[in-house]
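The values are calculated or read from the model by the stated rules, or taken from the named source; none is laboratory data. Bear in mind the structure is a predicted one, so any value in this text is a computation, not a measurement. Using ideal geometry, Cβ is built from the backbone for each residue, glycine included, and neighbour counts are taken over all protein chains shown. Side chains included, ligands, DNA and RNA excluded: accessible areas come from the protein's heavy atoms. Shrake-Rupley method; radii C 1.70, N 1.55, O 1.52, S 1.80 Å.
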Amino acid sequence: MKTKSKVLILPMICLSFVAAALLSSCDKNNDNLVADTDQPSSKEEVRKGQLNGQPITYVRKEGKNFFQGDIVLTDDQLQDHSQKKGGASYSRWPSGKIYYTIASNMGSINRDKIINAINQYNSSTNTQWIARTNQSNYVQFIFGSQTGSDGWAHIGYRGGVQTISLDQYISVGSVIHEMGHTVGLYHEHTRQDRDQYVRIIWDNIQNGQSYNFDKYTSGVDIGPFNINSVMMYWPTSYSRNGQPTITRANGSSFTYNRTGFTTGDISTINAMYPL
């Protein structure tokens, strides 16, 4: 998602907004986040916290902290680390090497999608996704739902075991998106300069979900805004009425990308992980 993206600054920088940050949106069934009701699930609790010194709103659900739908933050990441210049405790993967395992119950179809996405990262970016042997810092791909097409991931590098969860019907492009969060990318629409390129239609957003469209100002924008980034939200994400929640700045529509990397996405990741 980004020619100039936001990334994990060393706690987060954005791909266009990398976490580094290339934040995209959580992929909800074809990434079309249109709810059946404006009422949040009774199992979800909306909370306030701090992310790299910036106040944010997130959802506590099933023992996890979900930020902007598909980014999972640790309790420690939600503490006020504003005194830690640059947020150096959360950063990029050392030497761009990301070790991984795939859960045995993933199934051959999703395993093939993961390998496809890994091959695209390894062939197009400076990151290297490597099958784990005995490394203690690695990513585990786990199976989510048998009926969904969503996913979620921890953001950036934090050490220890991190997770990328993938549902049965998730697309390869959405696998790439979730891996982008792991690399350190936030969603493109949260870039500080986004208002020059897109318009948020607040009246169309589900009640209680507007915080998912807040700018994330503690990240770093890399390259120009990239509306076609694989890290961009769907035009009707969190819509309450099926109408767009995001348009181009001039009010026109844009085409949602879950096909794969754009040149901007690749440039952003490579700027985050120079050789």
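Name the residues whose placed amide hydrogens come within less than 5 Å of the amide hydrogen of E44, ignoring near sequence neighbours (fewer than 5 apart) on the same chain.
For E44, whose amide H was placed from the backbone, there are no distant partners under 5 Å.
Give the ranking of E44, E178 by solvent-accessible surface, highest area first, calculated with a 1.4 Å probe.
Correct descending sequence by accessible area is E44, E178.
On the full set of protein chains, 1.4 Å probe, figure out the accessible area of Y169 and give it in Å² to the nearest 10.
140
How much accessible surface area, in Å² rounded to 10, belongs to the heavy atoms of V172 with a 1.4 Å probe?
40
Got a sec? What order do Y121, Y157 fall in by accessible area at 1.4 Å, biggest, i.e. largest, first?
Y157, Y121
Name the residues of the range 134-151 whose amide N is less than 16 Å from a point 7 angstrom out from the Cα of S104 along the C-beta direction?
From the range 134-151, the list is 141-143.
Can you quote the Å³ per residue value for the convex hull of the Cα atoms in the range 107-160, rounded to an integer?
Once divided by residue count, the hull of the range 107-160 is 113 Å³.
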